[in-house]
Amino acid sequence: MLIENIELTMSHVGLGVLNEYALLLLFGNAHSHQLTLNTGILPNQIKDNQGLTLYPAYFMTHLKVPPCSNFSSYKLWDKVSVGVDVARFGETILESSYVLGRDGEIAPNASQWDLNKQPSMRANSLIVVDVGESAVESRKVSVPRSECFAVLPKLSKTPEAILRSKNIRSNGFGNKAEKIKIKEPITYYVANDQDAAPGHAMVFAKFSKIMDWAEFVVLSQKLKPGFPSNVLQYLSLLERETFYYGNCFAGETLEVYLHGDIKECDSNYHGDSLQTISVAILTYQIEIYIQRNNTLLAIANVKKLLAIPTAFQDLIPDIKRIINNM
């Protein structure tokens, strides 16, 4: 287990507050640091017996954000702590858990983490050859040299995510398209140096940004009538479970498919704060493909809360009317 104390700088949040993309990268950084703890090497120096560079490629992440501790409560220059706990199954499969808290807030034992009050994530990854060395999208699993990898606790039971990954790929999450029924995909161009570093595949956290962009397009443009864009800024993530089946490089065009539902919720769903009024819960399944060959890259199940600041509660009747007319 590892706890890292970090100041949220402009490199993390710009001039604003924490977001999902930045949090995923903070978790990913801590994960990489634990994998090389006490080895004397950097994470990008992990090698196999053939001298090939290895890295942990996520095949599942499940992020949860309690409504009482959403991203907006973590601001520029705040001091935070990131906890990570990684275990190993066999030679090439990792299972990990993460938590975010205020500086010094995270318990030194992962079993004591309060996941109902703090943003947290569970994940599974494979140790694979860096795709940047061969510029291919497929993953080649390999075993790191012992001196290049930290000693981790061993799992005796096969991670549940392995079987679940196969089931989700065949059946999805079981969501039935209800109020949100968009058959045509949203397209997204993967730009060089913006979405993927030159010569490298797109980082896993970028998938959530692409999903959010597609979500915005669907809710504001594809639905008729759509939601006003000033309403959608008040959507906050509650949960995103993602299974990754491939990756891509800059220059690709992606197709994003989304379907799901939106329902009204209790006005205090977010908690006791009187500064906010909860209005609705959005749940949807989203799939991302490479357009040129229909390769599936990721499937996610997403849950979000639409909560409006009390000062703008005059927007609520319009939101309810749109939901009821869908």
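The values are calculated or read from the model by the stated rules, or taken from the named source; none is laboratory data. Values in this document were obtained by computation on a predicted structure and should not be read as measured data. Virtual Cβ from ideal backbone geometry, glycine too; neighbours counted across all protein chains shown. Only protein heavy atoms, including side chains, enter the accessible area calculation; ligands, DNA and RNA are left aside. Shrake-Rupley method; radii C 1.70, N 1.55, O 1.52, S 1.80 Å.
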Provide a single number: the residues in the stretch 270-293 that are buried (at least 18 other Cβ atoms within 10 Å of the Cβ) and not in a strand (DSSP E or B). 1
Quick one: how many residues across the stretch 1-32 are in contact with an Asp or Glu (Cβ under 7 Å, 6 or more places away or on another chain) and of a type outside the set (S, T, N, Q)? 3
Among the residues of the stretch 227-236, are any part of a strand (DSSP E or B), at pLDDT 95 or above and under 30 Å from Asn171 (Cα atoms)? yes
Within the stretch 158-177, is there a residue that is open to solvent by less than 60 Å² (accessible area, probe 1.4 Å), within 21 Å of Glu91 (Cβ to Cβ) and of a type outside the set (Gly, Ala, Ser)? yes
I'd like the full set of residues that are part of a strand (DSSP E or B) and open to solvent by 20 Å² or more (accessible area, probe 1.4 Å), limited to the stretch 297-326. Asn301, Lys303, Pro309
So which residues in the stretch 176-198 are part of a loop (DSSP other than H, G, I, E, B) and in contact with a His (Cβ under 7 Å, 6 or more places away or on another chain), if there are any at all? Ala177, Ile182
List, please: which pairs have Cβ atoms under 8 Å, are six or more places apart or on different chains, and start with a residue in the stretch 218-237 that is farther than 17 Å from Lys303 by Cα and hydrophobic (A, V, I, L, M, F, W, C) and end with one that is open to solvent by 30 Å² or more (accessible area, probe 1.4 Å) and not in a helix (DSSP H, G or I)? Leu223/Ile182; Leu223/Met326
Do we find that Val131 is surrounded by fewer than 19 Cβ atoms within 10 Å (Cβ to Cβ) and within 24 Å of Phe243 (Cβ to Cβ) in this structure? no
Taking Leu219 as the residue in question, decide whether it is closer than 30 Å to Asp318 by Cβ, open to solvent by less than 40 Å² (accessible area, probe 1.4 Å) and outside any helix (DSSP H, G or I). no
Among the residues of the stretch 178-203 satisfying the criterion of being closer than 30 Å to Pro43 by Cβ and exposed (fewer than 10 other Cβ atoms within 10 Å of the Cβ), which is farthest from the chain's Cα centre (by Cα)? Pro198
State all residues of the stretch 57-99 that are assigned to a strand (DSSP E or B), open to solvent by 30 Å² or more (accessible area, probe 1.4 Å) and not small (Gly, Ala, Ser); if no residue qualifies, say none. Lys64, Lys75, Lys79, Asp85, Phe89, Glu95
